[in-house]
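Colleague: Take this structure first; my questions come after.
The values are calculated or read from the model by the stated rules, or taken from the named source; none is laboratory data. Only a predicted model underlies this, so the values are computations on that prediction, with no experimental measurement involved. Cβ coordinates were reconstructed from backbone atoms using ideal geometry, including for glycine residues, and neighbour counts include every protein chain displayed. Surface accessibility is based on the protein's heavy atoms, side chains included, excluding ligands, DNA and RNA. Shrake-Rupley method; radii C 1.70, N 1.55, O 1.52, S 1.80 Å.
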Amino acid sequence: MIRMTSVSRTAGSTIDPVPELRTRWAATVAAARGTRRSAAPGGPPAPDPAPYAEDLLSRWSEPQRQYHTVAHLAAVLDRIDELAEHADDVPVVQLAAWFHDAVYRPDRSENEERSAALAERALPELGVGAARTAEVARLVRLTVTHDPAPDDPDGEVLCDADLAVLAGSPDAYAAYAASVRDEYAFVPDADFAAGRSAVLRQLLALPRLFRTPQGYDRWEHLARRNLATELDLLSGGG
């Protein structure tokens, strides 16, 4: 993730997304396995994916998280559904969403690398092939910068889905911004304002925030307006 900018479309939602997430996880693992039924050719059957879902969901529910939560995970998966026609391998993008913030401590900088390493351990055990496992890990690492190459449709879908909260309504964006601040409560106000402002300026300087045609058309204008408004407030303009 870009520091202090990862997303949660449903901040403040009272709907529990966990039951649906369990169902979605099972379907995604089945699709990613394809015809494989074991973790290795000729080996024993691959394990039940349900315990892996519980481990991931417990990670996404850790107490230090204020917006890197199961609501954020559900929101990213919803946005991937909206952008699915742009992707080359939808199950891979969905698995990357599950793992992209599976390891998360707001005071550390190696979260994406540790999350990718977790995927590299878990997915072969689940019977996901080596090529897809490597692609999931690559996509997780891509969320450090949210800067996919022009010939990387799966990276474009994941990054657009992860940044879609930036285009929320004013109330939704305010809730998102507040949850970001809560997650960095250990950072003094002045330091947070300086760091957050730098990130907002970095985002606003990009030629485009959203790389898929659908994401750009739906979200670019609103996201830029929200970012500019937050930057103005942090700079004392509001």
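Colleague: In the chain, carbon and sulfur make up what percent of the accessible area (probe 1.4 Å)?
Modeller: Values: 5880 of 10430 Å².
Carbon plus sulfur share of accessible area: 56 percent.
Colleague: Relative contact order for the chain using alpha-carbon pairs under 8 Å, separation at least 6, rounded to a whole percent? Don't jump to the answer; show the numbers that get you there.
Modeller: On the way: 328 pairs, mean separation 60.6, N = 238.
Computed value for the chain: 25 percent relative contact order.
Colleague: From largest accessible area down, sort 147, 55; use a 1.4 Å probe on the protein chains. Walk me through the numbers before you get to the answer.
Modeller: On the way: 147 90, 55 65 Å².
The ranking, largest first, comes out as 147, 55.
Colleague: How tilted is helix 50-60 with respect to the longest principal axis of the chain? Cα atoms for both, answer in degrees (0 to 90, nearest 10).
Modeller: Tilt relative to the chain: about 20 degrees.
Colleague: Arrange the peptides 170-182, 150-162 so that the one whose residues have, on average, the most other Cβ atoms within 10 Å appears first. Mind dumping the intermediate values first?
Modeller: Numbers: 170-182: 17.8, 150-162: 22.5.
Ranked by mean Cβ neighbours within 10 Å, highest first: 150-162, 170-182.
Colleague: Based on Cβ point charges of +1 for Lys and Arg and -1 for Asp and Glu, what charge dipole magnitude is obtained for the chain about its Cα centre, in debye rounded to the nearest 20? Provide the component values of the computation, followed by the final result.
Modeller: Details: 25 positive and 36 negative charges, 40 e Å.
It works out to roughly 200 debye.
Colleague: Separate question: Please give the helix 130-142 orientation as an angle from the longest Cα principal axis of the chain, in degrees from 0 to 90, rounded to the nearest 10.
Modeller: The two axes meet at around 10 degrees.
Colleague: How many Å² of accessible area per residue for the chain, probe 1.4 Å?
Modeller: Details: 10430 Å² over 238 residues.
Value for the chain: 44 Å² per residue.
Colleague: Okay, next question. Could you size up the charge dipole of the range 109-238 around its Cα centre, putting +1 on the beta carbon of Lys and Arg and -1 on that of Asp and Glu, and report it in debye to the nearest 20? It would help to have the intermediate numbers written out before the result.
Modeller: Numbers: 13 positive and 22 negative charges, 37 e Å.
So the magnitude is around 180 debye.
Colleague: If you don't mind, another one. Using only Cα atoms, tell me the angle between helix 18-33 and the longest principal axis of the chain; keep it within 0 to 90° and round to the nearest 10.
Modeller: Helix 18-33 sits roughly 50 degrees off the main axis of the chain.
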